[in-house]
Amino acid sequence: MATAAAADVPSCRDLPAAVSAFADAFVDFAVSGIFFPSTPTPSPPPPPTPTTFLPSPTRLVAIGDLHGDLPKSLSALRLAGLVPPHDPTSWSAGPTLAVQLGDILDRGGDEIRLLYLIRRLAISAAGQGGALLPIMGNHEVMNVSGDFRFATPQGLREFSAWAGWYRAGLAIKRRCARGGDGGDPPPKNPFLGIPKEFPGVKPEFWDGIRSRLAALRPDGPIARRFLADLPTVLVVGDSVFVHGGLLEANVEYGLERINAEVSEWIRGERGANAVAPEFVRGRDAVVWLRRFSDGVNCDCQRLEGVLGMIPGAKRMIMGHTIQTEGINAVCGAQAVRVDVGLSRGCGNGLPEVLEINGGGTNVRVITTDPAEAWQYRKQGAEKAAIATAVKEKKGEVKEGLALLVRESHGLKEVQAKAA
């Protein structure tokens with residue numbers, strides 16, 4: 001009888017998948033307050049390279065840099081009609097395709113929660129025939145490279161909290177891995193090999209830095225899950241989306257090749273300590289370039305030549321450079337700049353989004369209703385602080401930075417509530 005009863009007790013050989021799924025759901029909810037839908041059948045493996053080319057949807061939306069600010073990001077998502085007022089994890093825009101121009105990380109304390117929210121919304125959108133596609137920004141590249149210059153104390157605390165829950169999840173998984181009766185091998189520990197002390201840094205930040213390194217280094221749990229499948233360049237119909245900008249050499253090298261190599265680097269396939277690919281490093285890199293987003297005197301002839309190398313491309317839509325006067329376009333609307341300095345850690349700009357309808361024939365800016373805009377209006381010292389933030393983001397130290405001037409060039413501004 002005892003033998004028969006023992007045979008009815010599941011062993012770790014039967015449980016590893018269920019235990020792993022429970023541990024992952026436990027960590028997800030503890031970190032973000034979000035449950036991801038369970039899949040009764042194994043999920044298909046991710047594509048080997050991120051998506052590079054997509055056809056024009058019936059409605060296309062572009063949202064600029066978010067920089068770790070969850071409340072302001074939700075304002076932008078609601079402004080675009082992507083989420084309902086009271087359920088930020090539910091997609092409400094049907095077949096709309098929305099592109100977020102990168103720089104989810106740094107300057108705020110909601111970085112991980114934003115990554116979770118965007119991924120959960122992407123799943124919800126796909127169920128309705130829509131899509132939410134973030135792309136790589138220079139701050140994602142910096143963080144995977146271990147460059148945390150723009151991380152905030154609040155951001156470090158968020159990563160410390162994530163690390164505590166992630167370790168708890170590892171402990172749950174190891175209960176079966178150590179069972180000795182056929183359980184899975186012990187899960188990989190991303191904290192191995194990372195220093196516990198960082199001389200020159202206040203000890204109160206050591207755990208946050210260590211946790212951030214573990215999460216975001218190549219093949220780190222957050223990097224692999226949320227960043228490795230992001231395109232660096234995305235072409236949707238006649239619109240080219242890139243965080244900084246493209247030059248001729250980038251197109252000649254190959255947009256799909258760029259996406260593939262950045263993805264390989266983030267997945268750790270080039271080694272745990274590999275440097276970022278060349279075309280995402282340096283002043284003229286695709287995530288750093290400001291040639292077409294800084295001021296009104298762009299090199300329009302060169303931009304036209306670059307777009308001419310991409311079949312059917314009519315405009316380049318960029319983030320990266322704060323537009324203090326809001327979303328604008330120059331070069332006959334071939335250069336569209338959508339970074340409004342949304343985050344409170346980087347300007348607290350008025351929420352605005354870009355909308356493209358009719359397969360690219362109708363382009364407009366959706367901006368916050370004037371009845372709500374008062375909370376984002378800038379006064380005296382605050383304007384000076386924003387100007388400083390613009391300089392910092394551009395890496396400039398000179399004084400007297402000229403503010404960017406809005407030029408309509410075919411962009412139609414409309415107002416909507418950002419509640």
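The values are calculated or read from the model by the stated rules, or taken from the named source; none is laboratory data. Since the structure is predicted, the reported quantities are computational estimates derived from the model, not experimental observations. Cβ coordinates were reconstructed from backbone atoms using ideal geometry, including for glycine residues, and neighbour counts include every protein chain displayed. For accessibility, only protein heavy atoms count, side chains too; no ligands or nucleic acids. Shrake-Rupley method; radii C 1.70, N 1.55, O 1.52, S 1.80 Å.
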- Query: Is it the case that some residue within segment 322-332 is within 17 Å of E140 (Cβ to Cβ) and open to solvent by less than 40 Å² (accessible area, probe 1.4 Å)?
  - Reply: no
- Item | Scan of segment 93-126 for residues that are of a type outside the set (K, R) and within 17 Å of F36 (Cα to Cα), ordered by number | I112, L114, L115, Y116, L117, I118, L121, A122, I123, S124, A125, A126
- With A6, A17, A23 as the choices, which residue is crowded, with 19+ Cβ neighbours inside 10 Å and at pLDDT below 85? A23
- Task: Filter segment 302-360 down to residues that are of a type outside the set (A, V, I, L, M, F, W, C) and assigned to a strand (DSSP E or B) and give me whichever is farthest from H243 (Cα to Cα).
- Result: N357
- Item | Yes/no for E204 being within 30 Å of L77 (Cβ to Cβ) and part of a helix (DSSP H, G or I) | no
- Item | Considering residues of segment 116-142 that are out of contact with any helix residue (DSSP H, G or I) (no Cβ under 9 Å at 6 or more places or on another chain) and of a type outside the set (G, A, S) only, the residue farthest from L97 (Cα to Cα) | M142
- Query: Can you tell me which residues in segment 139-154 are over 23 Å from D24 (Cβ atoms) and either touching a Leu at 6+ places or on another chain (Cβ under 7 Å) or touching a residue at least 24 places away in the same chain (Cβ under 8 Å) (or both)?
  - Reply: H139, V141, M142, S145, G146, F148, F150, A151, T152, P153, Q154
- Message: Scan segment 192-209 and tell me whether some residue there is more than 15 Å from E111 (Cα to Cα), β-branched (V, I, T) and open to solvent by 10 Å² or more (accessible area, probe 1.4 Å).
- Response: yes
- Message: Within segment 257-284, take every residue that is more than 19 Å from the chain's Cα centre (by Cα) and among the acidic types (D, E) and give me the one that is farthest from K314 (Cα to Cα).
- Response: E269
- Message: For the condition in a helix (DSSP H, G or I) and at pLDDT 95 or above, what is the one hit in V235, V251, V240?
- Response: V251
- Query: Can you name the residue in segment 285-311 that is open to solvent by less than 10 Å² (accessible area, probe 1.4 Å) and farther than 16 Å from D339 by Cβ and, of all such residues, is nearest to the chain's Cα centre (by Cα)?
  - Reply: A285
- Query: What number of residues within segment 80-102 satisfy the criterion of being open to solvent by 10 Å² or more (accessible area, probe 1.4 Å) and within 25 Å of E325 (Cα to Cα)?
  - Reply: 1
- Message: Take R107 and tell me if it is at positive phi and basic (K, R).
- Response: yes
- Out of all the residues in segment 80-87, is one or more touching a residue at least 24 places away in the same chain (Cβ under 8 Å) and under 21 Å from I222 (Cα atoms)? no
